[in-house]
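The values are calculated or read from the model by the stated rules, or taken from the named source; none is laboratory data. Values in this document were obtained by computation on a predicted structure and should not be read as measured data. Ideal geometry is used to build each Cβ from the backbone, glycine not excepted, and the neighbour counts take in all protein chains shown. Note: areas computed on protein heavy atoms with side chains; ligands, DNA, RNA excluded. Shrake-Rupley method; radii C 1.70, N 1.55, O 1.52, S 1.80 Å.
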Amino acid sequence: MRTTFTTVLGVALVLGAPLVLFPTVSTPANAQAPPQKSVRGQTRNPHGPIKIPCENCHTFTSWKPIRAVPEFNHNSTAFPLRGLHEKVECKLCHTKMVFTDAGTKCADCHADIHRGQFGAKCEQCHTVKGWNVSVKAIQQHQNRFPLLGAHAAVECIACHKNAAVGQFTGLSTQCITCHVDSFQKAKVPDHQALGFPTTCEACHSFDAWQPAKFDHLRFTGFDLTGVHAKLECSACHVNGRFKGTPSNCYACHAKDYNATKNPNHIQAGFPQDCSNCHTTATWLGAKFDHNRFTKFPLTGAHVNVACSSCHINGKFAGTPTDCASCHIQQYNSATNPNHKAAGFPTVCTICHTTVAWKPASFDHNRATKFPLTGAHVTVACSSCHINGKFAGTPTTCDACHIQQYNGTTKPNHKAAGFPTDCSICHSTVSWLGATFDHSKTHFPLTGFHVSVPCASCHINNKFVGTPTNCDGCHLPQYNATTKPNHKAAGFPTDCSICHNTVAWIPASFDHNKTKFPLTGAHVTVACANCHINGVYQGTPVDCYSCHKLQYQTTTNPNHIAASFPTTCQTCHNTTTWTGATFTHSRFPIYSGKHQKGVWTTCADCHINASNYQVFSCLTCHAHNKTDMDSNHRGVSGYVYNSANCYSCHPNGTQN
């Protein structure tokens with residue numbers, strides 16, 4: 001180590017080392033200095049871990065005061081001096097002898113006149129250039145109420161009363177909070193008297209208070225079309241009454257309805273919904289669509305029938321639509337066959353059509369619930385319809401064939417409890433040669449089940465009530481299985497999930513039939529990784545349950561700080577965890593001049609890592625306020641901030 005000595009006023013100083021005091025005397029040039037006897041005293045450094053020579057700050061004449069301009073580079077510390085901090089006296093911050101004890105946060109020196117509304121970080125809004133100089137973050141107002149349109153030119157004090165000591169957080173964002181005076185004084189129309197909603201944005205815009213636009217369809221549900229679009233508001237809103245205005249036709253057109261004689265609407269009982277026949281284009285030329293507005297479409301001969309034939313005495317409301325109301329005379333007089341005696345239904349359409357009353361045809365397959373097939377086609381009607389009775393004829397097999405059912409012994413149908421539905425085994429072609437198709441039951445036979453003797457399942461020839469669930473026959477195998485242990489694991493007793501009827505072994509479990517299909521990397525994951533301790537029931541299917549650690553430890557970007565959702569599939573896929581993609585829906589970051597390669601990380605635009613709602617256009621672009629102000633001269637609502645950049649350029653294009 002290099003050491004330099006000097007003598008000032010009888011004091012020997014060792015520069016670059018702790019200060020040591022030595023006594024000195026005047027000595028001839030040719031004489032030797034007396035030997036050094038002892039150190040009379042020593043002063044320790046009171047400033048803590050500081051490594052600069054004392055003379056950089058102190059004078060040689062005395063310990064105090066220090067030099068007018070100390071030789072100390074404050075920029076080499078953790079708190080470089082910038083702006084107004086450069087002119088602050090050292091002792092205003094270093095109130096203690098140990099310099100490292102001085103605070104580095106704004107709040108350590110500056111009282112919070114905002115009463116904690118913005119936290120302790122003054123630098124969020126203020127700069128070192130001056131206390132009243134605000135940073136762009138506060139100018140852009142990037143919070144729950146972006147300053148758009150005319151709001152961007154309003155002074156802060158207009159909303160945040162009483163300047164610095166006013167309220168800045170928690171203010172209402174509703175229009176009426178600031179514009180209640182304008183709402184109360186509005187007279188064309190009178191907002192208060194008419195009960196208008198206090199949501200000003202419904203009619204007004206952020207750019208200018210006037211002109212206002214009222215969307216009649218959106219806010220009333222009554223679309224103004226045709227002649228209605230040209231009417232003065234007062235035509236419907238009489239005496240300036242807007243609230244409670246009826247929207248039905250009759251409310252305005254009652255006079256027209258009551259005065260109409262061709263036909264007489266009142267006498268006919270026509271509905272008061274004028275739109276059934278009239279349009280908003282013109283009142284005349286009304287058309288009544290019988291097929292559209294009634295439950296009785298006019299077809300065939302009905303089209304040419306005079307209205308008065310059905311609507312007696314001009315009565316339209318309540319006109320019956322059943323056949324018998326008009327054709328009961330024809331029904332009663334029919335004798336081939338006798339409709340009344342046979343109990344035929346009075347629904348004429350079963351056999352007749354609207355084209356012509358004759359000929360009539362009875363289609364047993366279409367008009368009844370019992371189609372005739374096989375041998376039934378040639379059976380005489382009287383065989384089933386006893387004594388000419390047609391109504392209420394039974395359609396079940398046993399109604400006609402109960403004698404054959406009771407007399408059958410191979411097998412004994414009655415003893416075996418066979419159902420009385422003969423169609424299960426017999427056909428209408430022939431009574432003999434019956435076959436039992438097990439596939440038509442609730443339990444089709446497939447695979448190994450086809451060759452199993454009937455008695456194996458139908459004990460003691462009992463066929464009715466035989467269980468069809470797997471465990472009804474295979475419960476012993478279920479309980480005895482140990483690889484894996486079905487009972488302990490809580491596996492369902494539906495064997496068909498893993499086994500098939502071809503062979504009991506090998507079994508295969510199709511995870512894709514569960515609520516969590518396996519795809520990508522999940523296919524090769526060991527079952528025990530998700531089904532801990534062999535527990536299969538109740539295993540969670542959400543991403544976060546397994547990938548919580550990856551979510552919490554990810555830093556690019558920080559998922560927790562950015563409040564990313566825990567639905568990993570939003571950005572990740574099961575093929576690979578890395579290479580996640582995020583759909584940036586609100587701004588085309590890979591188009592035009594924002595194409596891939598121009599920016600590198602999300603932080604290029606999202607300058608606040610803890611709030612991704614905050615973004616900045618001005619940190620990337622070679623913009624400056626002077627040029628931008630010049631380029632946007634004459635542009636309405638222009639303000640030099642990111643919110644307004646996005647407001648006018650939502651697609652990232654220049655124009």
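Here the condition is being touching a Phe, Trp or Tyr at 6+ places or on another chain (Cβ under 6 Å), modelled with pLDDT of 85 or more and open to solvent by less than 70 Å² (accessible area, probe 1.4 Å); of 339, 327, it holds for 339 alone.
In region 632-640, the condition of being under 24 Å from residue 123 (Cβ atoms) and either at pLDDT 85 or above or not aliphatic (A, V, I, L, M) (or both) is met by at least one residue. Would you check which residues across region 525-545 are part of a helix (DSSP H, G or I) and modelled with pLDDT under 90 and list them? Residues satisfying the conditions are 527, 528, 529, 530, 532, 533, 534.
Results for (1) touching a residue at least 12 places away in the same chain (Cβ under 8 Å); (2) open to solvent by 50 Å² or more (accessible area, probe 1.4 Å); (3) touching a Leu at 6+ places or on another chain (Cβ under 8 Å), shown as yes or no for each residue.
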{"site": "223", "(1), (2), (3)": "no, yes, yes"}
{"site": "246", "(1), (2), (3)": "no, yes, no"}
{"site": "249", "(1), (2), (3)": "yes, no, no"}
{"site": "256", "(1), (2), (3)": "yes, yes, no"}
{"site": "262", "(1), (2), (3)": "no, yes, no"}
{"site": "269", "(1), (2), (3)": "yes, no, no"}
{"site": "281", "(1), (2), (3)": "yes, yes, no"}
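Quick check: is even one residue across region 326-340 of a type in the set (Val, Ile, Thr), farther than 25 Å from residue 426 by Cβ and touching a Gly at 6+ places or on another chain (Cβ under 7 Å)? No, there is no match, as no residue in region 326-340 is of a type in the set (Val, Ile, Thr), farther than 25 Å from residue 426 by Cβ and touching a Gly at 6+ places or on another chain (Cβ under 7 Å).
All told, residue 446 meets the bar of being under 20 Å from residue 469 (Cβ atoms), in contact (Cβ under 8 Å) with a residue 12 or more places away in the chain and open to solvent by 60 Å² or more (accessible area, probe 1.4 Å). Conditions: (1) surrounded by 14 or more Cβ atoms within 10 Å (Cβ to Cβ); (2) under 27 Å from residue 442 (Cβ atoms); (3) among the aromatic types (Phe, Trp, Tyr); (4) modelled with pLDDT of 85 or more. Residue 504 meets all but one. Number of the miss? It is condition (1) that residue 504 fails.
When region 227-237 is filtered for residues that are loosely packed, with under 11 Cβ neighbours inside 10 Å and either under 26 Å from residue 308 (Cβ atoms) or of a type outside the set (D, E, K, R) (or both), the ones remaining, listed by number, are 229, 234, 235.
From the list 130, 149, 170, the lone residue that is modelled with pLDDT under 85, surrounded by 12 or more Cβ atoms within 10 Å (Cβ to Cβ) and not hydrophobic (A, V, I, L, M, F, W, C) is 149. The selection criterion, being open to solvent by 70 Å² or more (accessible area, probe 1.4 Å) and touching a residue at least 60 places away in the same chain (Cβ under 8 Å), holds for residue 207. Only one of the numbered conditions (1) loosely packed, with under 13 Cβ neighbours inside 10 Å; (2) within 39 Å of the chain's Cα centre (by Cα); (3) of a type in the set (A, V, I, L, M) is violated by residue 202, and that is (1). Taken together, the residues in region 343-359 that are over 15 Å from residue 300 (Cα atoms), touching a Cys at 6+ places or on another chain (Cβ under 9 Å) and not hydroxyl-bearing (Ser, Thr, Tyr) amount to 2.
The residue list 108, 112 contains one member that is closer than 18 Å to residue 127 by Cα, at pLDDT below 85 and open to solvent by 80 Å² or more (accessible area, probe 1.4 Å), which is 108.
Residues to consider are 370, 362, 316; find the one that is surrounded by 13 or more Cβ atoms within 10 Å (Cβ to Cβ), at pLDDT 85 or above and assigned to a loop (DSSP other than H, G, I, E, B).
One residue alone meets the criteria, 370.
Please specify each residue of region 376-416 satisfying the condition of being open to solvent by less than 70 Å² (accessible area, probe 1.4 Å), under 24 Å from residue 434 (Cα atoms) and at pLDDT below 80. 411, 416 - these are the residues of region 376-416 that are open to solvent by less than 70 Å² (accessible area, probe 1.4 Å), under 24 Å from residue 434 (Cα atoms) and at pLDDT below 80. Among the candidates 493, 524, the residue that is among the β-branched types (Val, Ile, Thr) and open to solvent by less than 80 Å² (accessible area, probe 1.4 Å) is uniquely 493.
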